[in-house]
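The values are calculated or read from the model by the stated rules, or taken from the named source; none is laboratory data. Everything quoted here is computed from the prediction, not taken from an experiment. Don't worry about glycine lacking a Cβ; one is built from the backbone with ideal geometry, like all the others, and counts go over all protein chains shown. Calculation scope for accessible area: heavy atoms of the full protein, side chains included, ligands and nucleic acids excluded. Shrake-Rupley method; radii C 1.70, N 1.55, O 1.52, S 1.80 Å.
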Amino acid sequence: MTARHELAAILYFPMLPQDSHFIKDCFMTYQFNRRSFLGLSIATTAAAALSACAPKAQNSTGVSRVLPTDPLIAEVENLRPSTGKTVTKTLKAESISTAMAGEKITTWGYDKKLVAPTLRGMVGDQLNLNLTNELPESTSIHWHGLALRNNADGVPGLTQEAVETATSYSYDFKLAHPGTYWYHSHVEMQRERALYGALIIDDPQEPLQYDKEWVIVLDDWLDGVTGTPDEAMKELAKGMAPMSGMSHGSEDGGMVMGHMLMGATSDFLGGDAGDVAYPLHLFNGTTIEKPEVFMAQPGDRVRLRIINAAGDTAYRVGVPKQKLIVTHTDGFPVVHAEVDAVVLGMGERIDALLTIQDGFTPLLALAEGKAQMAYGLIATGTGTAPRKGDLPTALTGEIVDGGQLTADPSVNLAVKTPDQVHELRLTGGMENYDWGINGHRFDMAKPFEHTFDLKEGQRVEVKFINDTDMWHPMHIHGHTFQIGQSGARKDTVIVRPRETVTVQFDADNPGQWLTHCHNAYHAERGMMGVFSYVK
């Protein structure tokens, strides 16, 4: 491809990532013969080539869809607030060697870290991140919870081509809303390794007053210890029928059969707590053998930004004999709630204020229903650190999850009659491990089958109807919904067994947006769908 045609592609398609490898690959993919090539204008050539690279509507209904290459995507992006500043970052996805609970393991991560660097910017900043892939397979980055341009959402086969081995890819978008967010790979089971990190977007008019801020990322871990996530997925996919491989049980934590966990229960979650047996749980990449220590002064008011990056585990987070003041869930403010602990499903985030007491204080993250924990220690320079065996194994009292909170009035959606109502029945079960939505297992090779269609400007109501015996943290890409009329604004919500959770959102971000259970194993086995903007 000539520089002249590459320039044309950039000029005529500003909504696409402006890295030349993407453009060149598109042109190479589109095969011209000499006569047809010479007969095309620069604009037509660019349009034909880049159209060849876009995801195709593969259903036979003749519906015209707003694809990630549509000019409307760039138009909406240009309307977002802008500071004129750019936050530039590079990340390298690669194999890393580290120690985990005294054992050397090899896994995958960003920049050779178990928890990737925290990215940070202000509302209106442009984030320009260049990802280099040195993994043995293709990858991507999804920006969880963000309202961003569709072609930066990071879902291979739907919003972009996967980033192949030994190539780079540029993500370039505006940071539209303040809050606690995170980023992670959206390729199969890669998030079950260490391909994730925090993204904090600061509010230029931040109303909270605090002395310190700590970002905490929680995760369940098996990679390199008891197997790989792919091996676990392969085993679980066989369902409950094969009962061989039983190894051991843990008190009140369920029975382990290979990678499958049976009998882990949580009254708070409505029954079954999880499917997968994990040997370890991580608190900012550390295990209970060597917990992270935060330094503070007695009386300090600390903002905790807590992210659940786990694949199959909810965490009950709190400080024994102290209250947390919950201020935000999934980045959006809530009416402040004083609680003893908060439960985070996979993908959820909670912001909370904590007043520091003198001495050593444990900050616990109990694996809900699994009789395991991760924790960190808060130290003020006096006292003795508690031994892990002396730590409480329960947090009781006033316990909430983000879906039970009330939105701050400043972020309430206007009351409207829905233009579009979609029922998403969560289906499947453990017997065949065949999770789905409305009885369909999602196929990424055919993303436009069984879509949930909507149009820009509509108010959309979604009914998550759980027909299964398992809880599901349901996530919608690219949008924030409100639970009921005045519930919290969120992008991920816990839906308990046999429960219906009704949410609404405004269709103000055109494109093709995945919705799925944020249990990594349930999603991989089919509990996904697409909210599809149509023209």
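Numbers below:
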{"quantity": "Condition check for residue 414: open to solvent by 30 Å² or more (accessible area, probe 1.4 Å) and either assigned to a strand (DSSP E or B) or without any contact (Cβ under 8 Å) to a residue 24 or more places away in the chain (or both)", "calculated": "yes"}
{"quantity": "Residues (open to solvent by less than 10 Å² (accessible area, probe 1.4 Å), assigned to a loop (DSSP other than H, G, I, E, B) and farther than 23 Å from residue 518 by Cβ) located in segment 120-146", "calculated": "124"}
{"quantity": "Hits in segment 147-168 - residues which are out of contact with any helix residue (DSSP H, G or I) (no Cβ under 7 Å at 6 or more places or on another chain), of a type outside the set (Val, Ile, Thr) and either over 23 Å from residue 200 (Cβ atoms) or open to solvent by 10 Å² or more (accessible area, probe 1.4 Å) (or both)", "calculated": "147, 156, 157, 158, 162, 164, 166"}
{"quantity": "Test: residue in segment 288-301 that is in contact with a Gly (Cβ under 6 Å, 6 or more places away or on another chain) and within 23 Å of residue 191 (Cα to Cα)", "calculated": "yes"}
{"quantity": "Selection within segment 184-203 - more than 22 Å from residue 508 (Cα to Cα) and open to solvent by less than 10 Å² (accessible area, probe 1.4 Å)", "calculated": "184, 185, 189, 190, 192, 194, 195, 196, 197, 198, 199, 200"}
{"quantity": "All positions within segment 396-409 that are open to solvent by less than 90 Å² (accessible area, probe 1.4 Å) and either free of Cβ contacts under 8 Å to residues at least 40 places away in the same chain or under 26 Å from the mean Cα position of the chain (by Cα) (or both)", "calculated": "399, 400, 401, 402, 403, 405, 406, 407, 408"}
{"quantity": "Top-ranked residue in segment 525-535 [being open to solvent by 10 Å² or more (accessible area, probe 1.4 Å) and not β-branched (Val, Ile, Thr); ranked as nearest to the chain's Cα centre (by Cα)]", "calculated": "528"}
{"quantity": "Looking only at segment 458-500, and only at residues there that are among the polar types (S, T, N, Q) and over 26 Å from residue 429 (Cβ atoms), the one that is surrounded by the most Cβ atoms within 10 Å (Cβ to Cβ)", "calculated": "480"}
{"quantity": "In segment 83-97, the residues that are assigned to a loop (DSSP other than H, G, I, E, B) and open to solvent by less than 80 Å² (accessible area, probe 1.4 Å)", "calculated": "83, 84"}
{"quantity": "Subset of segment 98-115 (residues that are among the small types (Gly, Ala, Ser) and either open to solvent by 70 Å² or more (accessible area, probe 1.4 Å) or at pLDDT 95 or above (or both))", "calculated": "102, 109"}
{"quantity": "Criterion violated by residue 336 - all others in (1) in contact with a Gly (Cβ under 9 Å, 6 or more places away or on another chain); (2) under 23 Å from residue 484 (Cβ atoms) satisfied", "calculated": "(1)"}
{"quantity": "Some residue of segment 350-361 being of a type in the set (Phe, Trp, Tyr), more than 19 Å from the chain's Cα centre (by Cα) and open to solvent by 20 Å² or more (accessible area, probe 1.4 Å)", "calculated": "yes"}
{"quantity": "Filtered residues of segment 260-283 (kept if part of a loop (DSSP other than H, G, I, E, B) and out of contact with any Pro (no Cβ under 9 Å at 6 or more places or on another chain))", "calculated": "263, 264, 267, 268, 273, 274, 275, 277, 278, 279"}
{"quantity": "Selection from segment 173-202 of residues that are small (Gly, Ala, Ser) and out of contact with any strand residue (DSSP E or B) (no Cβ under 7 Å at 6 or more places or on another chain)", "calculated": "176"}
{"quantity": "When residues of segment 259-299 are limited to those that are open to solvent by less than 30 Å² (accessible area, probe 1.4 Å) and among the aromatic types (Phe, Trp, Tyr), the one nearest to residue 469 (Cα to Cα)", "calculated": "278"}
{"quantity": "Selected residue [over 23 Å from residue 199 (Cα atoms) and either polar (S, T, N, Q) or touching a Gly at 6+ places or on another chain (Cβ under 8 Å) (or both)] from 389, 331, 359, 381", "calculated": "359"}
{"quantity": "Complete set of residues in segment 300-321 that are part of a loop (DSSP other than H, G, I, E, B) and open to solvent by less than 20 Å² (accessible area, probe 1.4 Å)", "calculated": "309, 310, 311, 312, 313, 314, 319"}
{"quantity": "Selection count where residues are in a strand (DSSP E or B), out of contact with any Asp or Glu (no Cβ under 8 Å at 6 or more places or on another chain) and charged (D, E, K, R), scope segment 461-519", "calculated": "2"}
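Let's see how each residue does on (1) within 22 Å of residue 344 (Cβ to Cβ); (2) surrounded by fewer than 19 Cβ atoms within 10 Å (Cβ to Cβ); (3) at pLDDT 95 or above; (4) among the aliphatic types (A, V, I, L, M):
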site	(1), (2), (3), (4)
437	no, no, yes, yes
502	yes, yes, yes, no
514	yes, no, yes, yes
518	yes, no, yes, no
523	yes, no, yes, yes
